[in-house]
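Shown next, in structure tokens, is the structure this report addresses.
The values are calculated or read from the model by the stated rules, or taken from the named source; none is laboratory data. Everything numeric here is computed off the predicted structure, so don't read it as measured data. Virtual Cβ from ideal backbone geometry, glycine too; neighbours counted across all protein chains shown.
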Amino acid sequence: MSRVLEGIRVLDFGRYIAGPYCATLLGDMGADVIRIEKVDGSEDRFLSPVTENGDGAMFMQLARNKRGLTLNPMKPAGREIVKKLVATADVVVANLPPDTLKAMGLDYESLSAIKPDIILTMISAFGRGGPYSNRVGFDGLGQAMSGNMYMSGTPEQPVKAYAPFIDFGTASLSAFGTMAALFERQKTGKGQIVEGALFNTALTMMNATAIEQNAIQVNRVATLNRSQTSAPADTFKTRDGWVLVQSVGGPLFKRWADLMGEDHWLEDPRFKDDISRGDHGEIISERLAKWCAVRSSEEVLAAMEEARLPAGPIMSPQEVLEDPHIETKGLFQAIDYPGLDKPAPIMQTPVELSETPGEIRHRAPTLGEHTDSIMRELGYQQAEIDELRAQRII
């Protein structure tokens, strides 16, 4: 099978999610990705540990399809190794502050002096330019400073999403930008900087709310899980669990009214269109809550499916692992990892291509697993490798 990025080498100096997952997606599409870690392991290796060695669940997801190299690029000998690596590479991915990039020799000026057509994909919290440029930050800052947290939860308690969707969104957009830069390089032979920022991603996702506020000064506040622009769209407690129902558009609202057996909802001017239904969504949610409360989740979902109304169960992580749709489609690939008693369920490449799909070819590396082989590829002899290890350069 042809791989889209076969022959492309990516150096992954990323940390945590945004940089590493960008490189993960490139690796899924066939690139040779080398993950460079600290000599004792980078911090993201040990998040949510699941093995006796402390290897983390997220690292197993984000370091798949990568070879592992330990390196201290802040020492002169380490900088020389970086230069040799860059000479062999097409893309460098780094979510590090600009001053750290420069100290490591990973700023674009230093990289392009070694490899003129190099592509530098740099990811930061706020991007270059502007008063926040040098601030550090994680996913939560993007959620907090974009209006997302303000509009989640309740007015008394803003809520951050458990899933770091700003990180993953930034990684995905950065991978998109990197692929575009590679495509442009095919035409012109020139490299460039691809820049992603958590704040940019968060503002993109909340842009419609900002546009609405600018246009009509609606001054919305959070309403927990209830939508403010359509209805019924909320979470509802059943006899034995919780479900989410999400309706948008007149035809779906009519199906809901028919399901309730109450045509009067269609004649009430308060519910004449989506925005009106959103404005009065509390009334609609109250009616549906009573209907759901006397039924099991299975009964509610069966009725919703028969009426062709979007609805689904609110599932625990264990229920996710047991979901039949996930199993039938093979969305999780079982991957063995040293120290695990059973294979880890690693989510496949989330975008599916019919002819050149992404694939998980091998598990995440153990700490420094491929250091010797990569160093030999760069021309180092074993005695030199042993000496560099003794000096804690690698």
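From the list Ile326, Ile284, Ile314, the lone residue that is among the β-branched types (Val, Ile, Thr) and over 32 Å from the mean Cα position of the chain (by Cα) is Ile284.
Scanning the stretch 151-198 for residues that are among the acidic types (Asp, Glu) and touching a residue at least 12 places away in the same chain (Cβ under 8 Å), which turns out surrounded by the most Cβ atoms within 10 Å (Cβ to Cβ)?
Asp167
Got a sec? Which of Ala215, Ala180, Ala171 is touching a Ser or Thr at 6+ places or on another chain (Cβ under 9 Å), of a type in the set (A, V, I, L, M) and not in a loop (DSSP other than H, G, I, E, B)?
Working: Ala215 fails: touching a Ser or Thr at 6+ places or on another chain (Cβ under 9 Å); Ala180 fails: touching a Ser or Thr at 6+ places or on another chain (Cβ under 9 Å).
Criteria check complete, one pass: Ala171.
Screening the candidates Val221, Val243 for the property of being β-branched (Val, Ile, Thr), surrounded by fewer than 17 Cβ atoms within 10 Å (Cβ to Cβ) and not in a helix (DSSP H, G or I) yields one hit, Val221. Scan the stretch 256-281 for residues that are crowded, with 16+ Cβ neighbours inside 10 Å and of a type in the set (D, E, K, R) and the total you get is 3. Considered as a group, the residues in the stretch 24-81 that are in a loop (DSSP other than H, G, I, E, B) and hydroxyl-bearing (Ser, Thr, Tyr) include one that is farthest from Leu111 (Cα to Cα), and that residue is Thr51. Please find, within the stretch 112-137, the residue that is nearest to Gln186 (Cα to Cα) out of those that are of a type in the set (Ser, Thr, Tyr) and modelled with pLDDT under 95. Within the stretch 112-137, the match that is nearest to Gln186 (Cα to Cα) is Ser124. The number of residues in the stretch 3-45 that are buried (at least 24 other Cβ atoms within 10 Å of the Cβ) and basic (Lys, Arg) comes to 2. Within the stretch 241-254, residues that are in contact (Cβ under 8 Å) with a residue 60 or more places away in the chain and within 22 Å of Leu224 (Cα to Cα) sit with their Cβ atoms under 6 Å from residues that are part of a helix (DSSP H, G or I) and among the aliphatic types (A, V, I, L, M), at 6+ positions apart or across chains, in these pairs: Val243/Val300. Could you check how many residues of the stretch 97-106 are buried (at least 21 other Cβ atoms within 10 Å of the Cβ) and not in a helix (DSSP H, G or I)? Within the stretch 97-106, residues that are buried (at least 21 other Cβ atoms within 10 Å of the Cβ) and not in a helix (DSSP H, G or I) number 1. If I filter the stretch 265-277 for residues that are under 32 Å from the mean Cα position of the chain (by Cα) and not acidic (Asp, Glu), do I get at least one hit? Taking every residue of the stretch 265-277 in turn, at least one turns out to be under 32 Å from the mean Cα position of the chain (by Cα) and not acidic (Asp, Glu).
Can you find a residue that is in contact with a His (Cβ under 9 Å, 6 or more places away or on another chain), in the same structural domain as Glu306 (by TED's automatic domain parsing) and not β-branched (Val, Ile, Thr) anywhere in the stretch 235-258? Yes: one or more hits.
Considering the stretch 124-150, the residues that are free of Cβ contacts under 8 Å to residues at least 24 places away in the same chain and at positive phi include one that is surrounded by the fewest Cβ atoms within 10 Å (Cβ to Cβ), namely Gly129. Taken residue by residue, the stretch 230-240 has at least one member that is in a strand (DSSP E or B) and aliphatic (A, V, I, L, M). The set of residues in the stretch 327-357 being without any contact (Cβ under 8 Å) to a residue 60 or more places away in the chain, within 15 Å of Arg3 (Cα to Cα) and in contact with a Lys or Arg (Cβ under 8 Å, 6 or more places away or on another chain) is empty.
When we screen Leu301, Leu309, Leu367, Leu288 for residues that are touching a Gly at 6+ places or on another chain (Cβ under 9 Å), in the same structural domain as Gly241 (by TED's automatic domain parsing) and not small (Gly, Ala, Ser), the only hit is Leu301. Taken over the stretch 358-368, the residue count meeting the criterion of being of a type in the set (A, V, I, L, M, F, W, C) and over 20 Å from Glu6 (Cβ atoms) is 2.
Elements of the type helices (runs of 4 or more DSSP H) sitting completely within the stretch 288-394 and holding at least 3 residues that are farther than 29 Å from Gly54 by Cβ: these cover 297-306, 324-329.
All told, Ala77 falls short of being over 24 Å from Asp336 (Cβ atoms), of a type in the set (A, V, I, L, M, F, W, C) and in contact with a Phe, Trp or Tyr (Cβ under 9 Å, 6 or more places away or on another chain). The requirement of being crowded, with 16+ Cβ neighbours inside 10 Å and β-branched (Val, Ile, Thr) is fulfilled somewhere in the stretch 292-315, by at least one residue. Going by the conditions given, is Ser112 surrounded by 22 or more Cβ atoms within 10 Å (Cβ to Cβ) and among the hydroxyl-bearing types (Ser, Thr, Tyr)? No.
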